[in-house]
Amino acid sequence: MTWSMPRPVLHIVAAVIGVAALGSFAVGIVTADAPARLPGERAAEAGQVIQATEAVPLAQERIEGPPPPPELTPEEKARIEEEKKAKAEAEAAAKAEAEKAAQPPPAAAPAQPPDRIGEVLDKAQSPPPPEEPVF
């Protein structure tokens with residue numbers, strides 16, 4: 001396989017990549033301060049424990065969902081029905097008023113503008129006046 005770069009440049013690039021890989025591995029080993037442990041496992045030499053001051057345990061409502069709404073008494077049901085009827089009547093009255101206002105008042109038919117285009121067409125279609133024949 002032919003490379004577009006000279007061979008010494010390829011050696012330098014390979015060396016830089018190798019040094020970066022070995023350096024990152026070494027830094028990982030040096031900075032590992034605690035022995036390996038599984039997730040959730042407590043460290044044997046735990047330093048300061050971090051406390052979440054804003055943490056609040058889940059309430060029962062968040063776990064089970066909101067409670068069902070309370071049953072309505074017959075008086076409350078009747079009051080709600082009356083409110084619905086009054087609201088429906090008010091909407092119907094407003095709609096009828098809007099329709100009545102939208103209709104134009106009955107008036108005489110507006111005067112038709114003169115039909116000038118029709119006059120021009122009539123003149124163009126009428127036969128020309130008869131000419132006296134030349135003998």
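FYI, it's all coordinate maths here, none of it is from the lab. These figures come from a predicted structure and were not determined experimentally.
Cross-link partners for K100 among the lysines, with Cα-Cα distance under 26 Å and sequence neighbours closer than 8 places in the same chain left out: K84, K85, K87. Counting only residues at least eight positions apart within a chain, or on another chain, the aspartates and glutamates with an alpha carbon under 18 Å from that of K123 are D115, E131.
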